[in-house]
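Following: one structure in structure tokens, then a few remarks.
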Amino acid sequence: MAITATISVPITSPTRRSLASFNFFQSYSRSILATRQSTFKYPNSCMVASSMKTETPAKTTSSTSFLHQKESGFLHFAKYHGLGNDFVLIDNRDSSEPKISSEKAVQLCDRNFGVGADGVIFVLPGINGTDYTMRIFNSDGSEPEMCGNGVRCFAKFVSQLESLHGRHSFTVHTGAGRIVPEVLEDGNVKVDMGEPILKASDVPTKLSPNKDHAAVKSEIDVDGVIWNVTCVSMGNPHCVSFSRKGVQNLIVDELNLAEIGPKFERHEMFPARTNTEFVQVLSNSHLKMRVWERGAAETLACGTGACATVVAAVLEGRAGRNCTVDLPGGPLQIEWKDEDNHVYMTGSADLVYYGSLPL
């Protein structure tokens, strides 16, 4: 049986924008401009694509109402992105277990036959004294400890759910520990990402430590090519490279990440697999980065990766503690503070649309 679904698209920019959106037939649907149809191969559902132009932002009351829909048999969600690193966000505050399985998350993340995303994020009740718990399934069904871009999207989603306004913060329990995101007055999100983990065995990596128990600018043979890498954990493992044998400063746009990324991710030196950042130094406070994410392939941005990159740049003497990190999806501001040893990440998180699907 074919069931149509509903998507509501809020526009935050005052400028005129044209969006690919989705028209779902339900009681809360708004009027739309229907155009050509396309098939959406999700179990028991059919999606109707439409084009919409608007010059006015959606009312907060309608989005809040949508987020609190409780029809049985339907999964209500919001689609967010942090610099193009995109996620399906699900309100899971009424249960300590995710509403959908990792297998269903893989279907949702499929960009041809699903909603399309790098991961599915759940807002669950807080534990150990925190306000909320964040869990995430990657597009391949694996569950990472944490996600930097994801936690910014998480923060903006919680603000919508709780109708919070102005500058505010809350505590979030993650697999990487306690994280504190703060939604700023300009809409950006600043996140205290905690202290980086540098001890090689805790990252984890099998590379031999060479600087205070850390693996800094260590050599690793990846398919016959010798790379220099620094290993950092931000609660999840990262391998950061600024150079390889014969090339002291990488030009990241010249790299074929689809070819070399998987070889790093599954290298025997990384028992838990790894995220890999390839970095070009533009100045003492400006870095350019591309990332191959564990479980998600190349993405447009990685928040924990940007944090690990600045830490690695400091350890290798390539940059200062406060840097702009340019990613394919846009910039992040990263600061590794000397006073408390914490890494702070500041960047955007934007709502794309709300939607519903039959379970």
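With contacts taken as Cα pairs under 8 Å at a separation of at least 6 residues, region 200-341 carries a relative contact order of 18 percent. Over 20 Å apart at the Cα level, from the set 190/211; 156/190; 206/337, are 190/211; 206/337. Within a straight-line Cα-Cα reach of under 13 Å, residue 199 can be paired with the following aspartates and glutamates, leaving aside sequence neighbours fewer than 8 residues apart in one chain: 212. Pairwise inverse Cα distances across region 270-359, averaged and inverted, put the Kirkwood hydrodynamic radius at 14.2 Å. What whole number of Å gives the distance from the Cα centroid of region 100-157 to the Cα centroid of region 324-359? Region 324-359 and region 100-157 have Cα centres separated by 15 Å. Taken over region 71-136, the percentage of Cα pairs per 5 Å bin, counting from 0 up to the bin with the maximum distance, is 4, 17, 26, 25, 16, 9, 3, 1, 0. Dividing the mean sequence gap of close Cα pairs (under 8 Å, 6+ apart) by how many residues region 198-256 holds gives a relative contact order of 25 percent.
Sketch the reach of a paramagnetic label on residue 185 as a point 7 Å from Cα along Cα-to-Cβ, and name the residues of region 137-179 whose backbone nitrogen lies under 17 Å away. Of the residues in region 137-179, 165-169 have backbone N under 17 Å from the label point off residue 185. Label-to-label distance, residue 268 versus residue 247, with points set 7 angstrom from Cα along the beta-carbon direction: 2.5 nm.
On a per residue basis, region 80-234 carries 40 Å² of accessible surface, using protein heavy atoms and a 1.4 Å probe. Of the cross-linked pairs 217/288; 79/263; 79/99, those separated by over 23 Å at the C-alpha level are 79/263. Taking every C-alpha pair closer than 8 Å and separated by at least 6 residues, the mean separation divided by the residue count of region 67-191 gives a relative contact order of 20 percent.
Extension gain for residue 140-residue 162 works out to 4.9 nm (0.36 nm per residue, less the C-alpha to C-alpha distance).
The local environment of residue 337, defined by Cβ-Cβ distances under 14 Å, has a net charge of -4 under the rule Lys, Arg +1 and Asp, Glu -1. Rounded to 0.05, the FRET efficiency of the residue 97 and residue 337 pair, given R0 = 30 Å and the Cβ-Cβ distance, is 0.25. Modelled this way, with points 7 Å down the Cα-to-C-beta line, the labels at residue 195 and residue 285 are 2.7 nm from one another. Once both labels are positioned 7 Å from their Cα atoms along Cα-to-Cβ, the gap between residue 213 and residue 112 label points is 4.7 nm.
A simple count of charges around residue 248, restricted to other residues whose Cβ falls under 15 Å of its Cβ and scoring Lys, Arg +1 and Asp, Glu -1, yields +1. Over every Cα atom in region 178-247, the radius of gyration and the widest Cα-Cα span, Dmax, amount to 15.7, 50 Å. Here region 234-292 and region 188-227 have alpha carbon centers that stand 11 Å from each other. Calculated on the alpha-carbon coordinates, the convex hull of region 284-324 measures out at 66 cubic angstrom per residue. Hey, any idea what % of region 146-225's accessible area is carbon plus sulfur with a 1.4 Å probe? That fraction is 42 percent.
On the beta carbon distance between residue 131 and residue 359, with R0 = 35 Å, the FRET formula returns roughly 0.80. The local environment of residue 138, defined by Cβ-Cβ distances under 15 Å, has a net charge of -4 under the rule Lys, Arg +1 and Asp, Glu -1.
Size descriptors for region 200-341, from the alpha-carbon set: Rg then Dmax equal 13.5, 41 Å.
The values are calculated or read from the model by the stated rules, or taken from the named source; none is laboratory data. Keep in mind that what you see is a predicted model, and the values were worked out from it rather than measured. Here the Cβ is made from the backbone with ideal geometry for all residues, glycine too, and neighbour counts use every protein chain on show. These area figures cover heavy atoms from the full protein model, side chains too; ligands, DNA and RNA do not enter into them. Shrake-Rupley method; radii C 1.70, N 1.55, O 1.52, S 1.80 Å.
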